[in-house]
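Single-structure report; data block below.
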């Protein structure tokens, strides 16, 4: 009887100490996206391009400025040929070459590229269709949110000469 009690106690302790005490609705099981930016990828024989935290900032002049990062993890270089927001082609400046693990960064202190749609025709809070065109990877279409020019995005402008890091 004593051995049965010890075995039962060990089993109960093992289950209660290793199981999730919060059940199936534990907060760690309900992980959500922590940024406003959208993510996407082109993974095929030709390319391994990842898009991280892509969103659009509406400026006071009603222009749309792209914010986000593009990363190529393929051994083959690729190039960003163009970008369109709601079928409006963006003006690109800075780095457009995607070498392995050398990201294209739109906006921020590490920015090496800039993309602006001169007349956005949408307001903050709306979603827009963003299409990226790559030389090897092809086309990637995402739905991104438009943010207003405040808080983290207060310093973002539509001026094309604000890319401060070295251009490739």
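Readers should treat all values here as calculations from the given coordinates under stated rules, not as data from a laboratory. Remember, it's a predicted structure, so these values are computed and weren't measured experimentally.
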For the stretch 125-147 and the stretch 45-65, distance of Cα centres in Å: 7
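Relative contact order of the stretch 35-162, please, whole-number percent, based on alpha carbon pairs below 8 angstrom and at least 6 residues apart.
Details: 332 pairs, mean separation 36.8, N = 128.
The value is 29 percent.
When you have a sec, figure out the Kirkwood radius of the stretch 35-162 from all distinct Cα pair distances and drop it here in Å to one decimal?
When all Cα pairs of the stretch 35-162 are included, the Kirkwood radius is 14.4 Å.
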Contour excess over end-to-end distance, with Cα ends at residue 127 and residue 159 and 0.36 nm allotted per residue: 9.2 nm
